[in-house]
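The block underneath contains the structure these notes are about, expressed in structure tokens.
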């Protein structure tokens, strides 16, 4: 069989399947309208039996339902008569509504993610070098010494507890032993060295020198350093 003929047959099969699906959907809508009409008729009959007079609202509702059913049936007949000459793909209001809802939901999700990302970028400014770590630590220390808690100070500066603890040796060495800090910072390369590696280096320098350890403990007791420690 020629490829062109085969493609034409596949297209016709696809269109036929779409027409069947469309007809099934339309029949479901008709059944729903009929059920609604029958229900309203029952309500009207009950009202007539009970009160002896028809409720105006019930009559109007029944009339509206019947009109909707007739109109929908007419639309189906017109669509069926022109279906054989139409090459359009299957498309219904319900599928369009679903697509619109999905696009709307997706749009809201993207906006929410962008907004959240923007807020995180704005509030969670990561320190890029030791000097920024010291500046941030000093700000937290001032807030804490004003009578607040460390958690509140962390929140004000938009940094989490673990980050402060991890980088604390940098600020502690800078404030308690500036000469030793200057020795280490001379070999620090902002582009090549990681900030976490420099924090570990500062922590090692503190542990290796009892005098520095003593100075840090004294500073913490006097409020010149934050009373934090690694567990």
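Since every read-out is calculated from the coordinates, none of them should be taken as a lab result. Because the structure is predicted, anything quoted here is derived from the model rather than measured. No Cβ is skipped: glycine too gets one built from the backbone with ideal geometry, and neighbour counts run over all protein chains shown.
For the stretch 127-222, just say rounded, prolate or oblate: build the C-alpha gyration tensor, square-root its eigenvalues into a ≥ b ≥ c, call rounded for a/c under 1.5, and beyond that prolate if a/b exceeds b/c, oblate if not. Oblate shape, in that a/c is at least 1.5 and b/c is the bigger or equal ratio. Its Cα gyration tensor gives the stretch 176-225 an equivalent ellipsoid, and the semi-axes of that ellipsoid, as √(5λ) in whole Å with the largest first, are 23, 11, 10.
Using the Cβ-Cβ distance between residue 183 and residue 219 with R0 set to 25 Å, the FRET efficiency works out to roughly 0.85. In a fully extended conformation the segment linking residue 162 and residue 208 would gain 14.2 nm over its present Cα-Cα distance, using 0.36 nm per residue.
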